[in-house]
Amino acid sequence: MSTRALEIVATWVLAILWVSPLVYAVWTAFHPSAYATHFSLLAPWTLANFAHAWEAAPFARYFLNTTLLVGVVLVAQFALCTPAAFAFARMTFRGRDTVFALVLLQLMVAPDVLLVANYRTMARLGVVDTIFSIALPYLGSAFGIFLLRQTFRQVPQELDDAARLEGSSLLGRLWRVYVPLARPTYLAYGLVAVSYHWNNFLWPLVITNSVTTRPLTVGLSVFASTDQGIDWSIITAATLMTSGPLLLAFLLFQRQFVASFMRAGIR
Amino acid sequence: MRRESLWAWALILPALVMLMAFTHWPAVATLWDSLYSTPRGSRPPVFVGGANFRDLLDDPVFLTVLINNAWYAAVTIPASVALSLLMALSVNTALPGRSLVRMAYFTPTILPMIAVANIWLFFFTPDYGLFDQILSVFGGGRHNWLGQMSTALPAMMAVAVWKEAGFFMIFYLAALQSMPPDLAEVGRLEGSSRWSFFWRVTWPLLMPTTLFVMVNAVINAFRLIDHVVVMTRGGPNNATNLLLYHIYETGFRFWDTAAAATMTVVLLVVLAVIAGLQFGLLGRRAHYR
């Protein structure tokens with residue numbers, strides 16, 4: 001019995017160790033700079049660091065940019081991946097397996113790796129430094145197609161046949177039978193996609209160059225490297241602020257988040 | 001049948017065009033570029049054959065970067081996989097405050113890597129960063145964690161493991177929870193110790209999950225370099241320079257597109273080898289289809 005107690009203690013120690021960087025960041029962000037590295041239970045709490053950060057850089061604009069980016073990606077991915085996944089799941093045509101294998105290649109070679117060539121494509125299209133250009137390489141998503149195909153394949157064929165007998169067209173069946181049944185997959189995929197693109201950094205760093213297009217991650221890095229020098233309280237406040245919405249959403253919908261990531265990962 | 005074919009292609013085409021335009025085409029273009037010289041001013045690119053690859057082999061920075069990335073992968077992959085398994089096993093039992101513990105493990109994965117990098121940059125600060133403060137209690141001196149050749153790369157590895165382990169834990173947890181409970185019952189009746197039960201039953205059953213997690217860890221080891229941009233910019237003296245970061249610098253700070261393309265080809269080959277291994281190891285398992 002005592003080994004069990006020991007295990008419980010060890011688990012808790014690891015958990016506390018794991019979360020302590022975050023706790024420390026929260027401490028720093030909510031206290032005056034003087035207490036950034038100096039702990040005291042009597043230290044006054046403050047929101048001044050957040051106010052400073054908010055004023056020192058156009059974070060409101062960055063929030064807007066990121067929201068737009070995530071919105072565009074999400075809508076376009078759903079619109080593009082749904083029909084493709086349906087065709088791969090429920091239709092027969094020559095070359096299907098070859099094309100599907102080509103699609104899956106993207107799981108390994110993400111657009112992130114092909115920065116230089118994609119930058120040139122954007123330059124040719126004349127869309128460098130636009131929110132659209134951040135989203136563009138990710139709109140056709142192998143991951144989304146794969147996940148939805150798996151879900152569509154599990155829809156009972158009888159439902160499809162019944163709708164067909166009632167005279168539903170192909171698109172009508174996709175829209176009224178398949179999409180509603182795949183709702184949990186859409187939720188799972190949506191959460192994964194939102195957190196991926198909210199957090200994405202390298203490609204936006206390369207392709208954006210101005211306040212009106214920069215997403216939060218790039219804005220934060222510009223802010224932390226140039227504007228603030230070494231005031232850690234303000235930098236930490238900005239850091240928490242930019243990841244705040246996602247973190248808050250996670251804490252509120254923890255169960256759905258975890259279930260979604262699990263669903264998205266089992267493949 | 002032909003009508004159905006036409007429909008199918010019509011449904012697939014929009015997504016396929018986007019995929020081809022930003023994954024397949026740039027991959028082919030990169031291969032092409034690696035055989036040409038970098039255009040400079042009015043001088044157009046010239047076909048140079050394998051010269052870019054030969055130059056790469058003579059470039060000491062490139063070799064350093066490759067070795068760094070190999071070390072980085074060799075440490076972060078097993079460390080985060082082992083930790084994630086340990087976390088999953090510990091959370092998969094009746095435990096007081098179980099959901100809190102799970103949350104503590106998982107929360108770092110929700111943060112952007114760039115936010116993680118900012119937070120840890122502060123911890124690694126000499127003198128008044130968290131680590132030096134803790135060490136000073138035990139009489140330790142001042143450490144320039146990110147500024148020293150010997151500690152900079154290990155510091156980056158720690159950041160990556162912290163960010164990643166909780167994510168992989170989720171997949172192990174899913175696998176553990178789908179295991180039939182009577183298995184553990186049989187083990188108990190047999191009187192086998194938990195240690196031997198784990199190695200004889202649990203670990204083999206987790207193999208598909210381990211492979212899946214490993215592949216993701218490998219991809220991340222070569223793809224996720226946000227923290228390098230924020231924390232060290234590859235320094236000191238290239239001690240934390242990783243392959244993709246070097247490509248980024250070569251392509252966008254020195255505008256040597258031929259060299260960047262050549263290194264991207266190397267990266268693509270690495271990823272292709274991993275994809276091949278995944279296909280060989282996972283291909284026949286029910287896991288995929």
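Read-outs: derived from the displayed coordinates by stated rules, not from any lab. Quantities reported herein were computed from a predicted structural model and do not represent experimental measurements. All Cβ positions, glycine included, derive from the backbone under ideal geometry; neighbour counts span all protein chains shown.
Some observations on this one:
- Helix axis angle, A:254-265 relative to chain A longest principal axis, alpha carbon, degrees: 50 degrees
- Unit charges on C-beta of K, R, D, E only; dipole of segment B:66-243, Debye: 20 debye
- Taking segment A:58-265 and dividing mean pair separation by its residue count, relative contact order in percent (alpha carbons under 8 Å, at least six apart): 32 percent
- Cα centre as origin, Lys/Arg/Asp/Glu Cβ charges: the protein assembly as shown dipole, Debye: 1400 debye
- For segment B:198-271 and segment B:106-148, distance of Cα centres in Å: 23 Å
- B:R233-A:M91 FRET efficiency (beta carbon distance; Förster radius 41 Å; 0.05 resolution): 0.25
- Listed values for segment B:253-264 are Karplus-derived 3J(HN,Hα) couplings in whole Hz (6.51 cos²θ - 1.76 cosθ + 1.60, θ = phi - 60°), namely 10, 9, 6, 9, 5, 5, 5, 4, 5, 4, 5, 4, and x replaces Gly and Pro.
- For the residues of A:99-109, the average number of beta carbons from a partner chain within 10 Å of their own beta carbon is 6.
- Shape of chain A, Cα gyration tensor, a/c cut at 1.5: oblate
- Model label sites at A:R124 and B:L6, defined 7 Å from Cα along the beta-carbon direction, differ in position by 3.1 nm.
- A crude spin-label estimate for the pair A:S40 and B:V186, with each label 7 Å from Cα along the Cβ direction, gives 6.3 nm.
- Anisotropy class of chain B from Cα gyration tensor, a/c 1.5 cut: oblate
- Rounded Å value of the spacing that divides the Cα centres of segment A:175-199 and segment B:164-178: 20 Å
- Once backbone amide H atoms are built at 1.01 Å from N, B:Y36 has B:V48 as its partners under 5 Å, excluding neighbours fewer than 5 places away on the same chain.
- Cα shape, segment B:1-150, gyration tensor, a/c 1.5 rule: oblate
- Computed from the Cβ-Cβ distance with R0 of 51 Å, the FRET efficiency linking A:L252 to B:D59 stands at 0.55.
- 3J(HN,Hα) from dihedral phi, segment A:190-196, Karplus parametrisation 6.51/-1.76/1.60, rounded to Hz, x for glycine, proline: x, 5, 5, 5, 4, 5, 5
- Sites A:A162 and A:T3 - FRET efficiency at Förster radius 60 Å, r taken between beta-carbons, to 0.05: 0.55
- Charge dipole of chain B about the Cα centre (unit charges at C-beta), most positive-ward option of B:W162, B:G235, B:Q148: B:W162
- Each residue of segment B:85-91 was assigned a 3J(HN,Hα) from its phi angle through the Karplus expression (A = 6.51, B = -1.76, C = 1.60, θ = phi - 60°), giving 5, 4, 4, 4, 4, 6, 8 Hz with x at Gly and Pro.
- Other residues whose C-beta falls under 11 angstrom from the C-beta of B:R142 contribute a net charge of -2, scoring Lys and Arg +1 and Asp and Glu -1.
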